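So the structure is just underneath, and the comments pick up after that.
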Amino acid sequence: MEPNRNILRALPKVDVVLEEAAAIAGLKSLSRFQLTEAVRRTLAELRAEMLAGRISAPPEREELWAKIAAAAEADLAFSLRPVINATGVVLHTNLGRAVMSAEMAERTAAIASSYSTLEYDPAAGKRGDRHSHIEKYLTRLTGGEAAMAVNNNAAALLLIMSALFRGQELIVSRGELVEIGGSFRIPDIMRQGGVKLKAVGATNRTRLDDYARAIIPDRTGGLLKVHSSNFRIIGYAGQTPAAELAGLARENNLPLVYDLGSGALIDLQPLGFHDEPSVPRALKEGADLVCFSGDKLLGGPQAGLIVGRKNHIDKLKSHPLARALRVDKMTLAALETVLRLYLDPEEAKRNIPVLAMLFATDEDLRGRAEQLRLILAEAAPHLTFSAVPAESQTGGGAAPEKPLPSWAVAVESPNGSEVRLEEY
């Protein structure tokens, strides 16, 4: 049935509503542009409602002003906003992964709000290298000869593939062809980089001999090892250690690339993370290039960091794709700040939020839970709160099989309804 368009005549015109709305207390603070946009959007929504037969007449003026105010508020509201992470996951991808320290945030804001020495060397009085701000720390902390940053670890791997191995075969274990989240998979990144994937071994077990037999002179470009940071295969399983792969790579004059993913800079063995290799260890075992994330175990901003041999890093820096993937001044400011903290490992554990959370003692966690319980009990006396032992997760694809002993606040609702509880 054709809708009755005559009912639309009851809708006031935009200019009439604008003239009246400009005098309404709750709308006076809006600029002319903001008010016009809100009025137009509100009237358009009412027109659609009337044509659909859901309403038969426009609302009274008071209700109309409320709708316009709500439309304006929705237009001006930030969709990216702070939230409380009550998931028990330290590095929660959907909630922004690593939390920056106050020092990182202040330093980033200072650099963002002024001109800076991003690509200027004041000592030499000429153009500088934007990677130098973090390279001095990364090489010192990891033992690599050179370093650089791109916008995430997938980009780091893409750049490595494109600059060093395009048109060649790269050998990788079948058990390491991981999906790194959001349906991004190692084979897809290799294909995009123009690299021919040569998978060896079995899903659960790959030996050194599997790699050795797959090497073909003039066709094999290198070896790739990918840390399975977001899953574990247990039982009859095993992958070739990086040190053994590095020896094979040297014998055949091939580079070994190690994608560490979460990328810890300090030893996490005290936390029981026995299968979480650190970046310095990977380089010490012989990897020529190591790439990892900046916003996971490192505790910094989103970035893909690459450290290793200078001759390889120089090729990456000069590749055209490096400009498309480069990070901005704010990311570099945050990276420089967090990396400087690592010069003193104990200071890093205290002042980098991710590490402070991971290394928090049972006593600290219980005290925080009790403090939160008291705050909640005062704010919502009709609910019952109690501090209880719990388990957390590192998240961010790190130590998936290693739960973190923790404390939580349990909440009980009088009517036992989770829906009602969420509304509180």
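Data table
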quantity: Reachable lysines from residue 13, criterion Cα separation under 29 angstrom, eight or more residues apart if same chain; calculated: 28, 67
quantity: Hull-based mean projected area of the range 53-152, where the convex hull spans the alpha carbons, in square nanometres; calculated: 13.6 nm²
quantity: Charge dipole of the chain about the Cα centre (unit charges at C-beta), most positive-ward option of 380, 222, 393; calculated: 222
quantity: Gain upon complete extension [residue 284, residue 196; 0.36 nm per residue less C-alpha separation]; calculated: 28.9 nm
quantity: Bridge type composition, the chain - antiparallel percent by DSSP, nearest 5; calculated: 55 percent
quantity: Paramagnetic label zone (point 7 Å from Cα along Cα-to-C-beta, residue 8; backbone N under 12 Å) in the range 51-89; calculated: 51-52
quantity: Helical segments meeting 27 Å axial Cα length and Kyte-Doolittle -1.0 threshold in the chain (DSSP H); calculated: 32-51
quantity: Prolate/oblate/rounded call for the range 296-335, Cα gyration tensor, a/c under 1.5 rounded; calculated: oblate
quantity: Nearest-20 debye value, the chain charge dipole, Cβ charges on Lys, Arg, Asp, Glu; calculated: 1480 debye
quantity: Calculated SAXS-style log₁₀ I(q)/I(0) at q = 0.06 Å⁻¹ - the chain, Debye, Cα scatterers; calculated: -0.39
quantity: Mean Cα-pair separation over length for the chain, i.e. relative contact order, pairs under 8 Å, 6 or more apart, %; calculated: 17 percent
quantity: Cβ charges +1 (Lys, Arg) and -1 (Asp, Glu), total dipole of the range 1-119, debye; calculated: 220 debye
quantity: Linear extension gain, residue 267 paired with residue 346, 0.36 nm per residue minus alpha-carbon span; calculated: 27.3 nm
quantity: Area accessible to solvent at residue 189, 1.4 Å probe radius, in Å²; calculated: 20 Å²
quantity: Listed residues 369, 333, 377, most fluctuating in the chain (Gaussian network, C-alpha, under 10 Å); calculated: 377
quantity: Accessible area of the chain divided out per residue, in Å², using a probe of 1.4 angstrom; calculated: 54 Å²
quantity: Heavy atoms of residue 158 accessible to a 1.4 Å probe, total area in Å² rounded to 10; calculated: 40 Å²
quantity: Accessible-area composition of the range 40-119, carbon plus sulfur, in percent [1.4 Å probe]; calculated: 56 percent
quantity: Sequence-distant aspartates and glutamates (8 or more away, or on other chains) whose Cα lies within less than 14 Å of residue 315; calculated: 145, 288
quantity: Value at 222 nm in deg cm²/dmol, rounded to 500, when DSSP H runs of n ≥ 4 in the chain each add -39,500 (n - 2.57); calculated: -12000 deg cm²/dmol
quantity: Amide hydrogen neighbours beyond the local backbone of residue 393, cut-off 5 Å, H modeled; calculated: 89, 90, 404
quantity: Three-way shape call for the range 1-117 based on the alpha-carbon gyration tensor, with the a/c threshold at 1.5; calculated: prolate
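The values are calculated or read from the model by the stated rules, or taken from the named source; none is laboratory data. If you're wondering where the values come from, they're calculated on a predicted model, not measured in any experiment. A quick note on method: Cβ atoms are made from the backbone with ideal geometry, for glycine too, and the neighbour counts reach across all protein chains shown. Quick note on the areas: whole protein, heavy atoms, side chains included, nothing else; ligands and nucleic acids left out. Shrake-Rupley method; radii C 1.70, N 1.55, O 1.52, S 1.80 Å.
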